[in-house]
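Engineer: Supplied in structure tokens, the structure appears directly below.
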Amino acid sequence: MSGWIALIKRELRAVLRERTILIAIVIQLFIASFSSALLIGLLSLYDPDSVGVYARLNVGIGFVGAPNHSLIGLMRARGIRVAPFASLNDAQNAFQRGAIGALVVAPPERAAPVEMQVYLPRAEAQSAMILMVLQDPLKRYENVLREQRGIAVRYDDLRGLPPTTFEYLYSIILPALMFFPAFVAGSLVVDSLSEEIEHNTLETLLAAPVSLHAIVGAKIAAAILVAVAQCVAWLTLLRLNRIEIQNFALVLILATIIAGMVAVASAFVAIVFKDRERSQFVYSLMVLVGASASYLFDVSPIKTLTRLAIGDYFTSALNVAVFALTLGALGIVLILGIRRAARA
Amino acid sequence: MKQILTIALREITRLRRRFSGGASPLTVVILLGALALNAYAFRDLAVLGSGLYRIGVSGDAPALQDARFAPLAVEVARGRALVDRYALDAHIDGDDVYARRDDKSLYALGALKKYLEKQELARIRSTFEMARAFPLRVEINFLDPAPNPGSPAPAEPPIAPTTTAAPASDAALTAQLKKIEDEGRLPEFRIDHTTDKEIIIPSLMTPPAPFAQVIVAFLYIMPMTFISIFFTSSFMDEKINRRLTLLLSAPITPLQIIIGKMLPYAIFAVIATAGIAFSTRAPIPLALAIFAPTALFIFAIYLMVPLFYRTFKDTTFISMLATTLTTAYLIFPAMFTGINDLAYMSPLTLAVKMYRGETFGLREYLFPAAPMVLIFGISLYAGTRLLNEEFLMGYRPITRKLADAIFLLLDQSRPYLSVALMSFLVIPIVYVAQLILLAIGTNLPMSFMLAGALIAAATIEEIAKSMGIAALIEARVVTSTRQVLALAFLSALGFLVGEKLLLLVSVTLVSETMLSAALFNTGFVLVPLIAHFIFTSIVGVLNARFRLRYPFAVIVAVIAHALYNLVIAGGLR
């Protein structure tokens with residue numbers, strides 16, 4: 001046992017000495033910050049309420065039409081600056097002066113279909129932004145016209161919170177932070193094993209009174225320890241950012257189990273293929289397949305993790321146990337595989 | 001040429017040997033499985049928040065066919081009780097939606113609202129006649145702003161309420177409805193400048209987020225990145241088996257070795273690109289033109305990995321970092337196609353345009369392509385200088401290796417010319433690095449972004465200009481302060497010439513943002529030249545005369561540079 005612990009220490013020392021783990025942490029930080037930057041950018045298109053784009057976009061809209069037109073109120077309710085104009089010429093002049101960014105010309109509401117005109121600046125980026133801001137008031141106005149024409153629009157009065165940030169946080173960021181360490185753990189095991197094999201240091205090691213099982217086991221254990229350390233760090237950081245994580249312990253256990261599954265599978269790959277080139281290739285493909293496949297099943301680790309973290313009523317330790325059993329099965333396969341490899 | 005082909009054949013043999021025997025069928029099976037599963041997983045992109053909300057359903061509520069909702073059929077009373085007991089997030093009974101007032105329930109309600117709105121629209125569409133169901137049509141027109149404030153407006157046709165009769169907008173509505181039925185989703189509103197007018201229906205439009213096209217465009221990048229594992233391994237193999245000395249003693253140049261090893265992968269990249277273009281019905285020559293610079297860029301990065309690695313773990317993590325950064329650099333801007341002109345910094349944007357059937361000009365093509373090809377050229381040159389046993393075999397800290405590499409890149413017999421050229425040639429790398437910063441920075445709060453981006457940009461520039469000088473100082477090729485100042489001047493000059501050349505290509509595309517003005521240093525020629533000279537001199541003199549360690553010397557220069565940038569940015573405001 002003490003020999004085995006010495007082996008684990010040897011692995012951990014190598015990881016620390018090479019400082020490569022720092023790169024892995026930089027990658028994770030980058031992915032997290034980068035994808036939230038992407039999210040905020042895309043949110044301003046899809047879910048503008050949640051990032052307050054209206055407050056930031058300071059464009060005046062010229063309005064030509066009845067002074068008590070319901071669209072004026074709808075636009076103002078969204079924080080848009082509306083300037084009424086008596087005639088099109090006045091509005092056009094104001095646009096040329098740069099006083100307003102776009103114009104809306106509203107005909108009387110009696111017409112069978114109401115044909116409204118919107119004049120936007122020719123610059124692509126600008127006109128896309130203005131149109132996005134106008135979309136919501138226009139949609140509401142469309143519903144007003146529908147009601148006038150005797151169509152009752154259901155679910156029009158639901159008042160919730162913009163959900164995208166919540167969905168993204170628990171179904172993308174948290175799983176990414178909890179499972180990327182598992183991916184790193186697998187890579188560590190593949191590299192560490194194939195390096196020993198290719199540089200012929202494995203034989204030297206086997207000359208000492210340790211078994212192949214112990215060596216592989218130590219490498220897996222070290223990789224899992226590194227993964228757990230990362231997960232604990234991320235969970236702590238999330239907590240410090242006031243992001244609530246329910247079932248803290250179960251979330252960490254699930255992340256550890258997944259790291260174990262990936263590490264065991266990667267050890268198996270390295271033992272079968274022996275060189276880094278093929279092992280890394282097959283391992284990367286395996287991760288790709290695993291990640292995609294997990295979406296297909298209801299027992300997906302991502303889904304389970306998400307549900308644990310938001311405190312889902314129907315998700316418990318039992319769901320985590322399923323993964324623990326899978327890890328156990330994988331472990332047995334690996335032990336049998338090593339026995340065969342050792343005999344060969 | 002013959003030597004290159006020989007090396008290429010040798011590389012193919014190496015790969016064949018690697019993947020012959022028992023491993024190959026397994027690999028192929030896994031590969032095919034991976035592709036099939038990925039295609040399936042990405043078939044519809046509704047993976048965000050799968051199974052996040054538990055919704056109770058009774059009565060004739062619309063079916064919840066969205067992966068985010070996990071519906072549960074219950075009686076009304078029990079459903080509401082479950083909501084109150086925090087087991088369900090909301091309960092729908094026909095027109096009635098029951099929820100709690102806490103965040104989790106309100107998020108579910110927010111998601112439900114968006115989903116039900118769409119269902120409701122479908123119901124209205126199928127129940128009522130078109131004129132009543134869609135009573136509002138909006139005609140989009142475009143206006144040119146006044147060319148010069150003060151000058152009289154050009155004789156533009158006066159804007160008058162066009163008398164388009166209902167049939168015109170009816171036709172547009174029918175076309176949009178048909179598109180929804182054909183594609184199963186809402187049409188994106190696209191600002192199309194080729195036609196002057198466009199009719200949109202507010203409830204039928206979605207923002208122009210090019211998710212699907214970006215994913216398709218990314219399909220081109222995946223095989224290139226994957227194949228790079230082998231390209232990198234090829235050099236690692238030579239190193240492990242210590243055959244490089246042998247290879248280099250043959251009448252063959254390092255350039256021939258690199259090109260020869262790259263050739264099979266380049267051919268693979270061409271075939272893969274053509275194949276993907278063919279199967280997604282895109283024009284093959286255009287796809288090749290768009291992705292050739294990207295392929296070269298990816299090869300450039302993966303050529304550097306084996307030159308700098310010390311252990312296997314190094315290789316894995318350096319590759320991972322390279323992949324993450326390039327992926328971000330390629331995908332992020334393309335997501336904003338048609339919304340922000342900075343999107344053109346990524347070649348994927350051109351691919352998105354291609355798939356949308358939109359056109360782009362030579363300038364839009366060169367904006368992403370030119371820096372990538374230039375980086376490839378630099379990487380190739382660096383590869384030829386660094387491909388020697390002594391550099392490859394040393395196990396030293398990564399910073400030490402970088403310093404050695406910079407020294408090897410310089411021609412020691414002509415230090416002045418080398419330093420000026422180096423500062424000139426690193427421009428594309430500096431530029432790409434700054435574009436990445438800009439892309440990320442535009443999404444942060446304004447004041448925070450400005451400060452962060454200015455400091456980061458200054459750091460990149462100062463390192464780029466002074467690294468060659470520092471390497472020469474360390475190797476004692478230059479010793480006197482006068483020499484250092486002369487080098488600093490030449491470095492500043494080379495950098496400025498490169499910067500200005502770059503500006504010629506990019507200024508019209510990115511000049512819109514105030515920040516880019518500060519980053520790319522628009523303004524007079526003399527002021528930036530003096531500024532560059534001063535900052536680089538600070539690093540050189542502190543390092544050579546006062547023996548201040550290089551990182552600290554750079555920090556001092558960066559502070560000066562950031563302050564200068566702040567003044568420039570302030571002046572532009």
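Engineer: Give me the residue from the stretch A:124-170 that is farther than 25 Å from A:H69 by Cα and aromatic (F, W, Y) and, out of that set, nearest to the other protein chains (Cβ to nearest Cβ).
Structural biologist: Out of the qualifying residues, it is A:F166.
Engineer: Tell me the helices (runs of 4 or more DSSP H) entirely within the stretch B:249-367 that contain at least 1 residues that are at pLDDT 80 or above and basic (K, R). I'd like the intermediate steps shown before the answer.
Structural biologist: Details: elements: B:254-279, B:284-308, B:312-334, B:347-356.
Counting at least 1 such residues, we get B:254-279, B:347-356.
Engineer: Does B:V83 qualify as being touching a strand residue (DSSP E or B) at 6+ places or on another chain (Cβ under 7 Å) and at the interface with chain A (Cβ under 9 Å from one of its Cβ atoms)? Please lay out each step first, then the result.
Structural biologist: Working: touching a strand residue (DSSP E or B) at 6+ places or on another chain (Cβ under 7 Å): yes; at the interface with chain A (Cβ under 9 Å from one of its Cβ atoms): no.
No: the conditions fail for B:V83.
Engineer: Of all residues in the stretch B:315-328 being buried (at least 20 other Cβ atoms within 10 Å of the Cβ) and not hydrophobic (A, V, I, L, M, F, W, C), which is farthest from the other protein chains (Cβ to nearest Cβ)?
Structural biologist: So the residue we want is B:T326.
Engineer: How many residues does the stretch A:3-31 hold that are among the charged types (D, E, K, R) and either facing another protein chain (nearest Cβ under 9 Å) or part of a loop (DSSP other than H, G, I, E, B) (or both)? Write out each step before concluding.
Structural biologist: Of all residues in the stretch A:3-31, those among the charged types (D, E, K, R) come to A:9-11, A:13, A:17-19.
Cutting the leftovers down to either facing another protein chain (nearest Cβ under 9 Å) or part of a loop (DSSP other than H, G, I, E, B) (or both) gives us A:18-19.
Here the count works out to 2.
Engineer: Scan the helices (runs of 4 or more DSSP H) fully inside the stretch A:77-185 and keep the ones with 3 or more residues being surrounded by fewer than 19 Cβ atoms within 10 Å (Cβ to Cβ). Talk me through it step by step, then tell me what you get.
Structural biologist: On the way: elements: A:88-97, A:124-148, A:164-168.
Answer list for the stretch A:77-185: A:88-97, A:124-148.
Yes/no matrix, rows are residues, columns are (1) closer than 30 Å to B:T253 by Cβ; (2) crowded, with 18+ Cβ neighbours inside 10 Å; (3) at pLDDT below 80; (4) basic (K, R):
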| site | (1), (2), (3), (4) |
| --- | --- |
| B:A405 | yes, yes, no, no |
| B:P415 | yes, yes, no, no |
| B:M422 | yes, yes, no, no |
| B:I436 | no, yes, yes, no |
| B:I440 | no, yes, yes, no |
| B:N443 | no, yes, yes, no |
| B:T481 | no, no, no, no |
| B:L487 | yes, yes, no, no |
| B:S491 | yes, yes, no, no |
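Yes/no matrix, rows are residues, columns are (1) of a type in the set (G, A, S); (2) within 20 Å of A:V269 (Cα to Cα); (3) in a helix (DSSP H, G or I); (4) in contact with a Pro (Cβ under 7 Å, 6 or more places away or on another chain):
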| site | (1), (2), (3), (4) |
| --- | --- |
| A:T204 | no, no, yes, no |
| A:V210 | no, no, no, no |
| A:H213 | no, yes, yes, no |
| A:A218 | yes, yes, yes, no |
| A:I224 | no, yes, yes, no |
| A:V232 | no, no, yes, no |
| A:L235 | no, no, yes, no |
| A:L238 | no, no, yes, no |
| A:Q246 | no, no, no, no |
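Engineer: Does the stretch A:278-296 contain any residue that is facing chain B (nearest Cβ under 7 Å), crowded, with 20+ Cβ neighbours inside 10 Å and in contact with a Lys or Arg (Cβ under 8 Å, 6 or more places away or on another chain)?
Structural biologist: Within the stretch A:278-296 (the criterion being facing chain B (nearest Cβ under 7 Å), crowded, with 20+ Cβ neighbours inside 10 Å and in contact with a Lys or Arg (Cβ under 8 Å, 6 or more places away or on another chain)), the answer is yes, since at least one residue qualifies.
Engineer: When residues of the stretch B:511-543 are filtered for being modelled with pLDDT of 85 or more, aliphatic (A, V, I, L, M) and either over 15 Å from B:G494 (Cα atoms) or outside any helix (DSSP H, G or I) (or both), how many remain?
Structural biologist: Result for the stretch B:511-543: 4.
Engineer: Kindly provide the set of residues from the stretch A:294-339 that are among the aromatic types (F, W, Y) and either assigned to a loop (DSSP other than H, G, I, E, B) or in contact with a Cys (Cβ under 7 Å, 6 or more places away or on another chain) (or both), ordered by number.
Structural biologist: Our first condition is that a residue be among the aromatic types (F, W, Y); within the stretch A:294-339, this holds for A:295, A:297, A:313-314, A:323.
Residues satisfying the conditions are A:F297, A:Y313, A:F314.
Engineer: Tally time: how many residues in the stretch A:93-122 are without any contact (Cβ under 8 Å) to a residue 24 or more places away in the chain, of a type in the set (A, V, I, L, M, F, W, C) and more than 8 Å from chain B (Cβ to nearest Cβ)?
Structural biologist: Looking only at that region, the number is 1.
Engineer: I would also like to ask the following. Have a look at A:A342, A:A291 and point out the one that is part of a helix (DSSP H, G or I), closer than 29 Å to B:T225 by Cβ and among the hydrophobic types (A, V, I, L, M, F, W, C).
Structural biologist: On the way: A:A342 fails: closer than 29 Å to B:T225 by Cβ.
Criteria check complete, one pass: A:A291.
Engineer: Still on this structure, please answer the following. Please go through (1) facing another protein chain (nearest Cβ under 9 Å); (2) in contact with a His (Cβ under 8 Å, 6 or more places away or on another chain) for B:V74 and return the number of the only condition it doesn't satisfy.
Structural biologist: The number of the failed condition is (1).
Engineer: Condition check: of a type outside the set (K, R) and surrounded by fewer than 20 Cβ atoms within 10 Å (Cβ to Cβ). Does B:F231 satisfy that? Even if it seems obvious, please write down each step before you answer.
Structural biologist: Numbers: of a type outside the set (K, R): yes; surrounded by fewer than 20 Cβ atoms within 10 Å (Cβ to Cβ): no.
In short, no.
Engineer: Could you identify the single residue in B:L31, B:L52, B:L37 that is modelled with pLDDT of 85 or more, surrounded by 16 or more Cβ atoms within 10 Å (Cβ to Cβ) and at the interface with chain A (Cβ under 9 Å from one of its Cβ atoms)? Show your work before the answer.
Structural biologist: Details: B:L31 fails: modelled with pLDDT of 85 or more; B:L37 fails: modelled with pLDDT of 85 or more.
Answer to the check: B:L52.
Each row is one residue, and each column tells you yes or no for (1) within 19 Å of the chain's Cα centre (by Cα); (2) surrounded by 17 or more Cβ atoms within 10 Å (Cβ to Cβ); (3) more than 27 Å from A:A341 (Cβ to Cβ).
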{"position": "A:A207", "(1), (2), (3)": "no, no, no"}
{"position": "A:H213", "(1), (2), (3)": "no, no, no"}
{"position": "A:L238", "(1), (2), (3)": "yes, yes, yes"}
{"position": "A:I243", "(1), (2), (3)": "yes, no, yes"}
{"position": "A:I258", "(1), (2), (3)": "yes, yes, no"}
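Engineer: When you look at A:A77, is it modelled with pLDDT under 85 and assigned by TED's automatic domain parsing to the domain that holds A:F179, yes or no? Break it down stepwise before answering.
Structural biologist: Numbers: modelled with pLDDT under 85: yes; assigned by TED's automatic domain parsing to the domain that holds A:F179: no.
It is false that A:A77 is modelled with pLDDT under 85 and assigned by TED's automatic domain parsing to the domain that holds A:F179.
The values are calculated or read from the model by the stated rules, or taken from the named source; none is laboratory data. Just so it is clear, the model here is predicted, and its values are computed rather than measured. Positions of Cβ are backbone-derived with ideal geometry, glycine not excepted, and every protein chain shown enters the neighbour counts.
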